[in-house]
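Please read the structure below before turning to the comments.
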Amino acid sequence: MKYRALGNTDITVSEVGFGVWTVGTTWWGIKDEDFGVDLMRQAYDLGITFFDNADSYGDGKGEEMLARALGDVRDKIVIATKFGYDICSTSTDARPGHQERPQDFSPAFVRRALEESLRRLGTDHIDLYQLHNPRMTAIESDELFALLDDVQREGKVRSYGVALGPAIGWEEEGLASMRGRRLGALQTIYNLFEQDPGRAFFPVARERGMGVLVRVPHSSGMLEGKYSKETAFSEDDHRSHRPKEWLTEGLQKLEAIEFLTEGGDRTIGQAALQFILSEPSVSSTLPNIYTADQLREFAAAPEAPVLTDDELTRLAALYERNFGVEREPVSA
């Protein structure tokens, strides 16, 4: 494993992190809590020290699982968690796909949410506290950011940031938060197949000294190279709600980048992570990890051969041509 600074903060994170949402919710088909706890312990043993959580993952279950898994090495890991959703309003498991619940970014609500996260995590501080999928009204709230400054001074939060979503996009919110607020990090979706608006954030992050955290680096598993035309997802797996074209077009794009694995020294899943790590402002990647085999493969990615300049140039040209896949015509 290799490690990077989180922007200009004093926090160091592993280049490959662990997104707790895959084990803290059932959206990836995992229902065995003990399995999830064990997977996080294995991640730590492989050198992963950055764990990205949220109070909404299993209505607090993800935070409790992380405390159970790694509470005894709290001083050796970096904990990020998120806030902003009213987790008492609707059960996580009752919401299919990316359907959202009400948000509350009022200072009083956030203060309570922070204390509850600290209790569930069994810690006296959170390393990175992130606004969870905020709208512009939250980003523009001076009262909210005054509170975040307060809890940072109190030592309950080391740094704070913004996690964009829930789906790809959110360029306006991302740029506004990066330029208008003193963030330690910005979390966004970015991968070989979905590079925008992520590319717009990198120069601003470099200019402002912010770390970028990349989630969904494998395009919801497409860039792991495990899917085929016959792949089917269970009803409780959020990928089952995607349109059919997502799978067929993704497989076509995969054929166009087979050159990344020709040497046999890296898997396509590792190449996808190396592509993201080629950007200097990226501090850590957060692959969706839900099997022990995946964990070992992705944890080894930083040691795989880096992408060459020629490979990166070729990938850039392919992206501009949608990897040779014909785009649907835009209606007039």
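Go through region 291-305 and give me each residue that's in a loop (DSSP other than H, G, I, E, B) and farther than 19 Å from Leu213 by Cα. Scanning region 291-305 gives Thr291, Ala304, Pro305.
Note on region 248-264: residues that are open to solvent by less than 50 Å² (accessible area, probe 1.4 Å) and small (Gly, Ala, Ser) amount to 2. Against the condition of a type in the set (Asp, Glu), crowded, with 18+ Cβ neighbours inside 10 Å and either in contact (Cβ under 8 Å) with a residue 60 or more places away in the chain or out of contact with any Gly (no Cβ under 8 Å at 6 or more places or on another chain) (or both), how does Glu173 come out, does it pass? Against the criterion (of a type in the set (Asp, Glu), crowded, with 18+ Cβ neighbours inside 10 Å and either in contact (Cβ under 8 Å) with a residue 60 or more places away in the chain or out of contact with any Gly (no Cβ under 8 Å at 6 or more places or on another chain) (or both)), Glu173 qualifies. Contact map, region 242-265: residues that are without any contact (Cβ under 8 Å) to a residue 40 or more places away in the chain and farther than 17 Å from Ser220 by Cα paired with residues that are open to solvent by 40 Å² or more (accessible area, probe 1.4 Å) and β-branched (Val, Ile, Thr), Cβ distance under 7 Å, separation 6+ or inter-chain. Pairs shown: Thr261/Thr267. Residues considered: Ala138, Ala163, Ala167. Of these, the only one that is open to solvent by 10 Å² or more (accessible area, probe 1.4 Å) and within 21 Å of Asp104 (Cα to Cα) is Ala167.
Select from region 189-241 the residues that are open to solvent by 20 Å² or more (accessible area, probe 1.4 Å), modelled with pLDDT under 95 and closer than 30 Å to Gly264 by Cα and list them in ascending order. Selection gives Gly225, Lys226, Tyr227, Ser228, Lys229, Glu230, Thr231, Ala232, Phe233.
Which strands (runs of 3 or more DSSP E) does region 130-219 wholly contain that include 3 or more residues that are in contact with an Asp or Glu (Cβ under 8 Å, 6 or more places away or on another chain)?
The qualifying strands (runs of 3 or more DSSP E) are 157-163, 211-215.
Within region 13-48, the set of residues being surrounded by 21 or more Cβ atoms within 10 Å (Cβ to Cβ), among the polar types (S, T, N, Q) and either out of contact with any strand residue (DSSP E or B) (no Cβ under 6 Å at 6 or more places or on another chain) or in a loop (DSSP other than H, G, I, E, B) (or both) comprises just one member, Thr25.
The lone criterion from (1) more than 15 Å from the chain's Cα centre (by Cα); (2) modelled with pLDDT under 95; (3) buried (at least 19 other Cβ atoms within 10 Å of the Cβ) left unmet by Ala94 is number (3).
The values are calculated or read from the model by the stated rules, or taken from the named source; none is laboratory data. Just so it is clear, the structure is predicted and the values come from calculations on it, not from any experiment. Positions of Cβ are generated from backbone atoms using ideal geometry, with glycine treated the same way; all protein chains shown enter the neighbour counts. Only protein heavy atoms, including side chains, enter the accessible area calculation; ligands, DNA and RNA are left aside. Shrake-Rupley method; radii C 1.70, N 1.55, O 1.52, S 1.80 Å.
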